[in-house]
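Worksheet: the structure to be examined is printed underneath.
No lab work stands behind these numbers, since they all come straight from the coordinates. None of the values given here were measured: they were computed from a predicted structure. Glycine also receives a Cβ, built like all others from the backbone with ideal geometry; neighbour counts cover every protein chain displayed.
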Amino acid sequence: MEGITVKEAYEILKEDGVYWAGGRNGEIRVIKSVSVIEIPDCLEWLQGGEMILTTLYPYKTIDERLNLIRGLSRGEAACICIHPGNDPFPQVPDCLIKLADEINFPLFLIERKVPYSIIMKKTYEALLNREELALKKAQEINNVMNNILLTNGGVHEIIDKLSAITNKSVLFLDENFKLVDMILRGKNGSLIEEDLTKICDFTKSYIEANILHKRNKNKPDQTHIVSWEDGFNLAISIVNINDEMDYYLLVIKQGEMTELDNKLYKIAFPGTITALKIDILKNLAILETEQRLKSDFFEDVINDAYTSDELMKKRARTLGLNLLDKNFVVIFDIDDFEKYCRDNYEKGEEHIQKIKRDLKKAIEEACKDIKNRVLLFVPKSDAGILLIGFTQIEYKREMLYKKMLNDLFYKVINGFSTKNPDVTLSVGVSSGMENIGELKRVYKEAIFAKDIGNKLFGRGKINFYDDLGIYKLISIPDKKEDILRDRWFSRLYEHDRHKNGNLIETLEVFLDSNGSIKDTAKKLYTHPNTIKYRLKKVKELTGEDIFQDEQKRLYYHILIKALKMLS
């Protein structure tokens, strides 16, 4: 039962011989049941919200009676009604009334002629009547919310109706405490709009600090009334979508939330939350179906599992894969995830699955700002694959589209690494494509850019296929021995290995610098004479004049790059 206030109960009972003696400031306490106390040591049975009927017979001394009232108040009983019993001349000590006033605990006196049954009957009639009215009102709200869903309404229409019912502004936040939609009502709407970011951040801090770690998912979530700045109060309720996702419903009022407000929220929130949950789950189901169809399409294209180019293009159009002028495959990959799983097996499968979910969520969240560009997202076990498009103008301004992709990379990193600091991500970006038939090629390029970038520049970076230069021309050998079959190059390698030398590094920088000894020395922070000595040693070991023959210079340049990729 939702209950009635002590003041409401008194209005019902005062004509029957009930007198309000003390604790009038506790009039808003809520009565949920009626209990009789005629034995000592009964406080441990309190559930909260009781109207206590007693003759005080078991409590002989003044101290015992004072302690009873204090205990009832601590146990969140609603009030106490003292009956004289068989005593023809009942007296209640002034100290009991004084204590009731001090702690705002309502104390009633009952005339001797009034039996407990009258009080219990009328109080329970009021409770049942209030419950019946609340249930009726809740059913009406449920019907309204269901009608909104049946007429293809969604989140906006649902919270608009809640705003109308409560006559207050309503915000709806997603799992990351970002605003999904809002209805601002009244003269204070502009103030709320100005402080939206602060309200969202405050809600996040409050939920994380006071609710999440105490939450029992086997029990329904309660509505939390929280004071905010500038005299605003928030009624916050969690909308649990599934085991992994919560949204947040906020009703905002300038001024104190009254008991009437609280009762209205208890009636209106359940139906509203159910409607919101149904709408979100419906949309998630649609998105999941679209995602599965797009993922199947992607797998078919990269595995050549289609009968004709025309059918494949038609299928792409049906799925809404309308390419922009230039489109890139971007692969986010968890570095050496198999090894991480082996090294952390004791943390359990749930830990591994959490990392995968965190990557998916981080990519989805980072893509929200560029959702019109994201044509395809394919989640993998330890990776995420995106197809992202740009206009011709953006593509020609090379630094613009690369900056946007770099920004995306760092947003994903920030969203993922804050939760998983011991795991790194590497990213590969393909060259541009203009039609869907090129998807397989650019997918391979993105993988190549990620893998080669890891070897050359280290993990945890974004690598563009277009920036790989000569490495794009190299087919990666399976092992070093394939490169060292060249006996002249093998001599350089063995010299460096045994003498801790750097002839190969010097030769690489010299060739990268277009044969400039000055530039080579500058890049290696070495004196030019030292560079000359090393190059002379290279010539002695190879027995060939590789500095004069352009073909040999290119050949050795490629061998060095290939060796570097296997290092």
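Cα centroids of the range 242-265 and the range 352-430: how far apart, whole angstrom?
Spelled out, the Cα-based centre of one part sits 35 Å from the other.
Between 272, 258, 20, whose Cα lies farthest towards the positive end of the dipole of the chain when Lys and Arg beta carbons carry +1 and Asp and Glu beta carbons carry -1, centred on the Cα centre?
272
To the nearest 0.05, how large is the calculated FRET efficiency for residue 532 and residue 461 if R₀ is 22 Å and r is the Cβ-Cβ distance?
Working: r = 34 Å, r/R0 = 1.56.
Calculated transfer efficiency: 0.05.
How much length would be gained if the chain were fully extended between residue 278 and residue 124, taking 0.36 nm per residue of separation minus their Cα-Cα distance, in nm to one decimal?
On the way: separation 154, 0.36 × 154 = 55.44 nm, distance 3.58 nm.
Extra length available between residue 278 and residue 124 comes to 51.9 nm.
Roughly what percent of Cα-Cα pairs across the chain reach past 40 Å? Before the final figure, lay out the partial values.
Details: 85485 of 160461 pairs.
Looking at the chain, the distances longer than 40 Å represent 53 percent of pairs.
When you take every Cα atom in the range 4-128, what is the radius of gyration, and what is Dmax, the widest Cα pair distance, in Å?
That works out to 13.0, 37 Å for Rg and Dmax.
Can you compute the charge dipole magnitude of the range 1-88 about its Cα centre, using +1 on each Lys and Arg Cβ and -1 on each Asp and Glu Cβ, nothing else charged? Give it in debye, rounded to the nearest 20. Write down the numbers at each step before the final one.
Details: 9 positive and 14 negative charges, 51 e Å.
Its charge dipole is roughly 240 debye.
How high is the relative contact order of the chain, in percent, with contacts defined as C-alpha pairs under 8 Å that are six or more residues apart? The partial results should precede the final answer.
On the way: 762 pairs, mean separation 47.9, N = 567.
The value is 8 percent.
Roughly how many Å is it from the Cα centre of the range 17-56 to that of the range 136-211, as a whole number?
That distance is 37 Å.
Among the listed pairs 450/532; 204/326; 253/361; 402/444; 339/360, give every one whose C-alpha distance is greater than 27 Å.
Details: 450/532 36 Å; 204/326 39 Å; 253/361 33 Å; 402/444 19 Å; 339/360 20 Å.
Long pairs (Cα-Cα over 27 Å): 450/532; 204/326; 253/361.
Using the basic label-point model (7 angstrom from Cα toward the beta carbon), what is the residue 549 to residue 351 distance in nanometres?
5.7
Points 7 angstrom from Cα along the Cβ direction at residue 486 and residue 104: gap in nanometres?
Placing both labels 7 Å along Cα→Cβ, they lie 8.7 nm apart.
Return the percentage of antiparallel bridges among DSSP beta bridges fully within the chain, rounded to the nearest 5 %. It would help to have the intermediate numbers written out before the result.
Working: 48 of 62 bridges.
The antiparallel fraction comes to roughly 75 percent.
Starting from the Cα gyration tensor of the range 306-471, take the square roots of the eigenvalues, sort them a ≥ b ≥ c, and report rounded, prolate or oblate (rounded when a/c is under 1.5, otherwise prolate if a/b is larger than b/c, else oblate).
prolate
Stretched out fully, how many nm does the piece from residue 213 to residue 16 gain, at 0.36 nm a residue minus the Cα gap?
Working: separation 197, 0.36 × 197 = 70.92 nm, distance 4.87 nm.
Length gained, residue 213 through residue 16: 66.0 nm.
Could you calculate the FRET efficiency of residue 500 with residue 342 from 1/(1 + (r/R0)^6), where r is the beta carbon distance between them and R0 is 35 Å, rounded to 0.05? Intermediate values should be presented prior to the final figure.
Values: r = 33 Å, r/R0 = 0.95.
Once the sixth-power term is evaluated, E becomes 0.55.
Rounded, prolate or oblate: pick one for the range 152-283, where a ≥ b ≥ c are the square roots of the eigenvalues of its C-alpha gyration tensor, a/c under 1.5 means rounded, and failing that, prolate if a/b is larger than b/c, else oblate.
On the way: a/c = 1.36, a/b = 1.17, b/c = 1.16.
In terms of gyration-tensor shape, rounded.
Can you tell me how much longer the chain between residue 419 and residue 539 gets when fully stretched, taken as 0.36 nm per residue apart minus their C-alpha distance, in nm with one decimal? Mind dumping the intermediate values first?
Numbers: separation 120, 0.36 × 120 = 43.20 nm, distance 5.29 nm.
Between residue 419 and residue 539, full extension yields an extra 37.9 nm.
Under 5 Å between amide H atoms, partner at least 5 residues away or on a different chain: which partners does residue 239 have, H built in plane at 1.01 Å?
It is 247, 248, 249, by chain and number.
Using a Förster distance of 35 angstrom, determine the FRET efficiency expected from the C-beta separation of residue 229 and residue 176, and round it to 0.05.
On the way: r = 23 Å, r/R0 = 0.64.
With a Förster radius of 35 Å, E is 0.95.
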